[in-house]
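The values are calculated or read from the model by the stated rules, or taken from the named source; none is laboratory data. All of these numbers come straight from a predicted model, not from anything done at the bench. Note that we place each Cβ from the backbone using ideal geometry, even for glycine, and neighbour counts take in every protein chain shown. Accessible surface is based on the protein model in full, side chains and every heavy atom, while ligands, DNA and RNA are left aside. Shrake-Rupley method; radii C 1.70, N 1.55, O 1.52, S 1.80 Å.
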Amino acid sequence: MSAIPAFVRLDGATCSLVIDCRGPSPAVLHWGAKLGAATSPEMLALAAAREDAPCSPLVAAPLALTPLAGQGFPGHPGLQAHGAGGRRWATYTAIEDVRNGGDGSVEIRSVDAANGIELLHHLALRPDSGVLAGWTQVRNLGSDELVVDWCAAPVLPLPPEMAEWVSFEGRWSGEFQMRTLPRALGALNRENRRGRTSHDAFPALLAQEAGAREQAGEVFGWHLGWSGNHATHAETLSDGRASVQMGELFMPGEMRLAPGAAYRTPTLYAAWSGSGRNGLSRAFHAHIRARPQHRRLRAKPRPVHYNTWEAVYFKHDPARLLQLADAAADMGVERYVLDDGWFNGRRDDKAGLGDWFVDRSIYPDGLHPLAARVLERGMEFGLWVEPEMVNPDSDLFRAHPDWVLGTPPAPQLVFRNQLVLDASRDDVQDYLFERIDALLREYPISYLKWDMNRDLSHPGGADGAAAAHAHVRGLYRLLARVRAAHPGVEVESCASGGGRADLGVLEWTDRVWTSDTNDALDRQSIQRGLSTFLPFELMGAHVGPTDCHITGRRVSMASRVATAMFGHMGLEVDLLGLTAEERRELAAGIALHKQHRALIHSGTLVRLDRLANEVAYGVVAADGREALFSYMLISEQGGYFPGRLRLAGLEAAARYKVSLAWPGEVKSVSPLVAALRQGVEFSGEMLMSIGLQLPRQHPQSALVFALTRVGG
């Protein structure tokens, strides 16, 4: 065994991580701004040294990668486990081995020989993005069962200057809402027991200095890549030390380790920025785009979708669906997705789930005629499925009622008339794979919209033990099996909208359905929140009906297009009911999206700091040659005139030709707007420091500006 180093240092694109290995447990000495060669770990250790505090231990228990009760840590332990009779609970580990991967990664193994527990910490800091990815593994080295109640991913500390938490919360059709809270003494705890990532407790957290904004300030960010139950503990101790723990939330007795068995946490993704929340997003987006599985998304432009749901719901009429396919192709759509209602007995949401056979009473020739028309019109064909669910009124449930998760004798909560299959069972996995595989082999399906429309309210397995963890792992195995058999098929993660949007499920899927609402105004804040972590090419964004089916609000076609344009664009509207003018405007919007699609799906996101009733952001090309900026006035402005739109991310010394790209018509007598219709040159310095005077607009109006650097 090699000697244990006193310190381990990893460097990313913009940040550094220094781990102190001199004590019994590894602890983060520095995570933040990138350090130069002149700054040694010894300097950091001395600079952080503290004197004794009144009524405190002579030497404080370490805030380690896994804070331990056996070390006397006064805060939330990073590991809570016990053996038979309540013994083996006071874990006290010592570092046994440190292995540097040579690729920006390190693994640190620590052992508690007395209690028979091993901890393994894996940390990797990507040099291209600056995102820190890590997991913790606990192994049972004892002779009896070890029950794990909590095991956090690597615990990361915060500097005292971080004065605010930013949480992500919401509800169905209102996901990813950002809320700023003061960081105070004590703990901010968030727990999710819905069995999926959830609409109301997205597993992410930011910590920022006071007054940090999109464009300025120091910010730290965490995201747990897990699609099930989870918990966050953000804690500030009385001695001023602060840290964030994130991990999987277990039901009582859910994680039991036999002798020799191990549990590994979901991967934690964390990043630091010295340039506001935009800098944090740059790091996360760069990390995601560098993943091997992201290459498949770059192989071709992201196809513009047409989804049939809000046009027909369960009223499937093959003749009408063919008409919709023709109308979609005429609009410039590139992928046609047949949503819920195509399989046996599915006339409403009360029956059919689980019976994944094409309903021949509606489609006597199967889906072949529709798929053929779609392909003939130059589009791809996609299909909606909800494999994890079953209706009690289905052949599958009547044959296999024991396949359902439950906690008898407690009655099942009624939730969209459906129950949850136990995806951890081999027989369930085999059935679902056989049905999906058969559909993909029979029809030219290149896309699956994989939905999940209820919580795991009763996650009990056949043996009576909690099975929420096993269900998610089973889902991942099923998705991996489908991908291995059909590598060319893209999969969307949908869960009543954004209820399962995380970097865990995105290991096996190609985009998320950001929200069930297509209300353009609500979508602005929803998409803005999720864009903190995910780039636009992974976020489904559709133009919805004139009157939103969820909110009842009427938003102009121009604003609906402007909102959906900045995402993986699609349509979810009855095309046959549009007026000629609406069809013309929508087709023009699709064409504009295609014109700038490569930029939107590869450029650097720049969110602008604006008043509460405004939303503005842009995407700047990596080489700086072009940019696209969006501005929307959500509600009426306070004065006669709005403020100026100051852009960001440009080259101050360069000149840009700026044009008003959208909408096609703007009711304004502003001389600036008249000039922008033709295109006019401004310096980058002026656009960023002085800005453009916005015209007077009605609320819910949007403008999109296209910029091209003069001279290339």
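Here are some notes:
- The C-beta contact set for region 384-411 (first residue of a type in the set (Phe, Trp, Tyr), second residue not in a loop (DSSP other than H, G, I, E, B), distance under 6 angstrom, 6+ apart or interchain) comprises Trp384/Lys449; Phe397/Val390; Trp403/Leu421; Trp403/Val428.
- Residues satisfying the stated conditions in region 328-370, i.e. among the charged types (D, E, K, R), surrounded by fewer than 18 Cβ atoms within 10 Å (Cβ to Cβ) and assigned to a loop (DSSP other than H, G, I, E, B): Arg347, Asp348, Asp349, Lys350, Arg360, Asp365
- Filter result for Ala462 (part of a loop (DSSP other than H, G, I, E, B), open to solvent by 30 Å² or more (accessible area, probe 1.4 Å), under 29 Å from Thr265 (Cβ atoms) and touching a residue at least 24 places away in the same chain (Cβ under 8 Å)): yes
Rundown of residues vs (1) over 27 Å from Ala311 (Cα atoms); (2) part of a loop (DSSP other than H, G, I, E, B), yes/no style:
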residue: Glu434; (1), (2): yes, no
residue: Asp437; (1), (2): yes, no
residue: Arg441; (1), (2): yes, no
residue: Lys449; (1), (2): no, no
residue: Asn453; (1), (2): no, yes
residue: His471; (1), (2): yes, no
residue: Leu475; (1), (2): yes, no
residue: Ala480; (1), (2): yes, no
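- Inter-residue pairs, beta-carbon under 6 Å, first assigned to a loop (DSSP other than H, G, I, E, B) and in region 35-60, second at pLDDT 85 or above, 6+ apart: Leu35/Ser16
- For region 558-567, taking the residues that are without any contact (Cβ under 8 Å) to a residue 60 or more places away in the chain and either open to solvent by 10 Å² or more (accessible area, probe 1.4 Å) or not hydrophobic (A, V, I, L, M, F, W, C) (or both), the one that is farthest from Ser635 (Cα to Cα) is identified as Gly567.
- Restricting region 189-208 to residues that are more than 18 Å from Ser515 (Cβ to Cβ) and surrounded by 17 or more Cβ atoms within 10 Å (Cβ to Cβ), the residue that is nearest to the chain's Cα centre (by Cα): Leu205
- Extreme residue, farthest from Ser496 (Cα to Cα), among residues of region 371-396 that are open to solvent by 10 Å² or more (accessible area, probe 1.4 Å) and in contact with a Leu (Cβ under 7 Å, 6 or more places away or on another chain): Arg373
- Wholly enclosed strands (runs of 3 or more DSSP E) of region 222-272 bearing at least 2 residues open to solvent by 10 Å² or more (accessible area, probe 1.4 Å) and polar (S, T, N, Q): 230-236
- Just one of the listed residues (Arg523, Arg528) is open to solvent by 10 Å² or more (accessible area, probe 1.4 Å) and assigned to a helix (DSSP H, G or I), namely Arg528.
- Arg709 being out of contact with any Ser or Thr (no Cβ under 9 Å at 6 or more places or on another chain), loosely packed, with under 13 Cβ neighbours inside 10 Å and at pLDDT 95 or above: no
- Scanning region 390-429 for residues that are more than 15 Å from His458 (Cβ to Cβ), part of a loop (DSSP other than H, G, I, E, B) and over 30 Å from the mean Cα position of the chain (by Cα) yields a total of 2.
- Scanning region 412-423 for residues that are closer than 17 Å to Leu396 by Cα and surrounded by fewer than 22 Cβ atoms within 10 Å (Cβ to Cβ) yields one hit, Asn417.
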